[in-house]
């Protein structure tokens, strides 16, 4: 892809002071693919200028962390590494230490509690001796610079941001999400100086493909219009385009839109779409995409990030 190195840091990620690019790199693990190939793919996105990278121990049982660690080895000083704590009810120390070993780093920039999506879970995290207290000890020890959560619940996010204890939060933004993420959580984060890293732009792939999520094929295809060629064959289901999804998210304007960039063709498509985004969509355009998103996602299984949706 020609002229790939075009993305420049755009604005600080909340109060962290790190100036982040508008797009971030996620979804870098597939054990069917050789490590060297995955590292090269990650470096390809970094070489395109992107500087925020997301990983977690649960992504292919630590494989993602190993990939990220190798990919950023020579550019660590200009990248922002997000890692996660998958098990909220277990001691934090072993989880953080194991993640840092797989990353081959002495610290990550941000550790977040992964999928903290219930009020009970939040209250346990902030209680005496809870996860946040344990994680703060690692911040003091220099093992992480910042702390946060990822969540699929707008109510939890609002309470967590209001607490003043988080530096960055990760949550869904896209054409098919609970409207509170956009109308309440995002403005609250801006007011409180909390960084926003957002995912589900493509609705786990459901908005742009015939899948129940993350490339899992549909077992039963919902009824749709017959493809334009006519005759026998599978019906053509409604989809959104990459531009529809990404331009919607970029119009909402989180600090970072985190995209799955696991393969060169995914990268090229996403980066080209981002370059085509020259101005925010109008309210009518946004409403039209939301309407078509409901059609595109129908019959494709539970949307766990959208408490008010299907």
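Please treat every number below as a calculation from the coordinates, not as lab data. All values reported here derive from a predicted model rather than from experimental measurement. Quick reminder, even Gly has a Cβ in these numbers, built from the backbone with ideal geometry, and neighbours come from all protein chains shown.
How high is the relative contact order of the range 21-150, given as a whole-number percent (alpha carbon pairs under 8 Å, six or more residues apart)? About 21 percent, as a whole number. In terms of the Cα gyration tensor, with a ≥ b ≥ c the square roots of its eigenvalues, is the range 20-94 rounded because a/c is under 1.5, prolate because a/b exceeds b/c, or oblate? Judged from the Cα gyration tensor, the range 20-94 comes out oblate (a/c at least 1.5, b/c at or above a/b).
Here the relative contact order of the range 246-310, from alpha carbon pairs under 8 Å that lie six or more residues apart, stands at 34 percent. Extension gain, residue 192 to residue 15, is 62.8 nm, computed as 0.36 nm per intervening residue step minus the present C-alpha separation. Calculated on the alpha-carbon coordinates, the convex hull of the range 54-164 measures out at 100 cubic angstrom per residue.
Counting only DSSP beta bridges whose two residues both lie in the chain, roughly 20 percent are antiparallel. Cβ-Cβ distance of residue 89 and residue 290, R₀ of 45 Å, FRET efficiency by 1/(1 + (r/R0)^6): the value works out to about 0.80. Between helix 242-252 and the chain there is an angle of about 50 degrees, using the helix long axis and the longest principal axis of the Cα atoms.
Between the helical axis of 131-140 and the longest alpha-carbon principal axis of the chain there is an angle of about 60 degrees. Let a ≥ b ≥ c be the square roots of the eigenvalues of the Cα gyration tensor of the range 58-100; is it rounded (a/c under 1.5), or, if not, prolate (a/b larger than b/c) or oblate? Note, shape of the range 58-100 comes out prolate. How much of the DSSP bridge set in the range 94-216 is antiparallel, in percent, rounded to the nearest 5? Bridges in the range 94-216 are about 5 percent antiparallel. At full extension, residue 272 and residue 133 could sit 45.8 nm farther apart than now, given 0.36 nm per residue minus the alpha carbon distance. For the chain, averaging the sequence separation of C-alpha pairs within contact (under 8 Å, six or more residues apart) and dividing by the residue count gives a relative contact order of 18 percent. Seen through its C-alpha gyration tensor, with square-root eigenvalues sorted a ≥ b ≥ c, the range 252-310 comes out oblate because a/c lies at 1.5 or above while a/b is not bigger than b/c.
Entry note: the chain has Rg to Rh equal to 0.96, where both radii use alpha-carbon atoms and Rh is the Kirkwood radius.
Taking Cα atoms only, the orientation of helix 264-276 departs from the longest principal axis of the chain by about 80 degrees.
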